[in-house]
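Taking it in order: structure first as structure tokens, then the write-up.
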């Protein structure tokens with residue numbers, strides 16, 4: 001059994017990684033272009049220790065292992081201090097070998113914690129990370145079964161959302177545009193312009209141009225689609241959807257902030273057309289991404305503010321079925337765990353003080 005690290009032999013690493021994806025079931029979260037997009041989000045990346053496992057001239061496991069410098073916890077395996085996608089292996093034997101290697105690397109580099117999540121599209125009834133000493137921090141997300149009839153998908157919409165959508169459909173000034181080779185660049189550039197305005201208005205640091213370039217690369221690799229709302233032939237909203245050929249997830253939205261469009265239900269209108277579009281493209285599952293949660297306090301290390309609760313309410317109104325999104329943290333030092341416990345106590349105290 002050989003462990004081949006990306007930083008030691010990138011061509012072999014990429015060849016074997018892609019071999020695994022073509023041989024065993026996975027989804028777009030594991031595509032190398034998607035991994036590169038995730039890495040672009042890390043402003044504190046210390047090193048990338050991603051590796052593949054080879055035995056008998058075949059790839060039997062893959063592991064994305066970004067190591068960041070945390071604000072409080074030294075080094076951690078994470079992405080933008082969030083959860084990295086969990087390793088995959090073709091059998092329990094090789095999965096155990098991967099997690100043993102992770103333990104060894106964490107000891108070597110004095111890593112405080114590892115944060116992994118399973119793909120929301122992984123067919124899992126049990127959080128397999130718990131087998132390897134991880135503390136379960138499972139959250140929730142929302143999905144739609146696109147194998148359901150269009151009529152039933154419409155029925156599952158919140159009643160007033162149907163009225164919202166119909167009100168835009170009846171206005172001939174509005175139309176829907178789907179990205180293809182002829183318009184992808186324009187749609188992407190419009191999305192970026194809108195998104196930068198949103199970041200500025202929110203007082204946030206704008207995303208790097210590298211992130212936007214990686215995002216466009218996903219379109220070029222057929223791992224993303226942009227769907228836009230047009231008003232009198234001008235784009236006023238653009239949403240990104242990440243996907244492979246079976247599963248799709250609603251990733252982000254940016255829109256024209258002029259008052260004329262501020263109170264219109266354009267995202268209801270766009271998402272309904274997106275659901276129908278991907279159904280007609282024979283996709284099986286539509287994911288609503290994060291947040292899609294139920295309560296201000298959902299569990300250990302799983303909290304939501306008012307904005308996140310409102311977004312989650314909107315997604316459920318689009319017919320999303322709430323499902324578990326399995327994730328977990330393994331602590332190698334006790335201080336980060338104590339800090340999260342203290343944060344949980346604070347969240348509970350604040351919640352009860354409001355009532």
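No value in this document is a laboratory result; all are computed from the given coordinates. Remember, predicted model here, so these are calculated numbers, not experimental data. Note that each Cβ is placed from the backbone with ideal geometry, even for glycine, and that neighbours are counted across all protein chains shown.
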### In degrees, nearest ten, helix 184-201 long axis to first principal axis of the chain (Cα)
80 degrees
#### Entry: Alpha-carbon centroids, region 51-75 and region 298-344: separation in whole Å
24 Å
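Based on Cα coordinates alone, diagonalise the gyration tensor for region 72-112, multiply each eigenvalue by 5, take square roots, and list the semi-axes in whole Å, largest first. The partial results should precede the final answer.
Working: eigenvalues 95, 39, 4 Å².
Working through the eigenvalues yields semi-axes of 22, 14, 5 Å.
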### Query
What is the order of 229, 236, fewest Cβ neighbours within 10 Å to most?
236, 229
### Query
What order do you get for 112, 324, 76 when you list them from fewest to most C-beta neighbours inside 10 Å?
324, 112, 76
### Task
Kindly give the semi-axes, whole Å and largest first, of the ellipsoid equivalent to the chain, taking each as the square root of 5 times a Cα gyration tensor eigenvalue.
35, 25, 20
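Ratio to report: Rg/Rh of region 87-217, with Cα atoms as the point set and Rh obtained by the Kirkwood method; give two decimals.
On the Cα set of region 87-217, Rg over Rh gives 1.08.
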#### Entry: Cα pair distances exceeding 22 angstrom across region 143-287, given as percent
41 percent
### Task
With just the Cα atoms of region 95-159, tell me how far they stretch along each of the three principal axes, in Å, largest first.
56, 21, 16
### Summary
For the chain, the longest principal axis of the Cα atoms and the Cα long axis of helix 92-109 enclose an angle in degrees, to the nearest 10, of 80 degrees
## Note on the structure
Over the chain, the sum of -39500 (n - 2.57) across DSSP H runs of at least four, divided by residue number and rounded to 500 deg cm²/dmol, gives at 222 nm -12500 deg cm²/dmol
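For 44, 58, what ranking results if the residue with the fewest other Cβ atoms within 10 Å of its Cβ goes first?
The order, fewest Cβ neighbours first, is 58, 44.
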### Projected label distance in nm at residue 352 and residue 150, using a 7 Å step from Cα toward the beta-carbon
5.3 nm
### Task
Over region 221-355, consider all pairs of different Cα atoms and compute the Kirkwood hydrodynamic radius from their mean reciprocal separation; express it in Å, one decimal.
17.5 Å
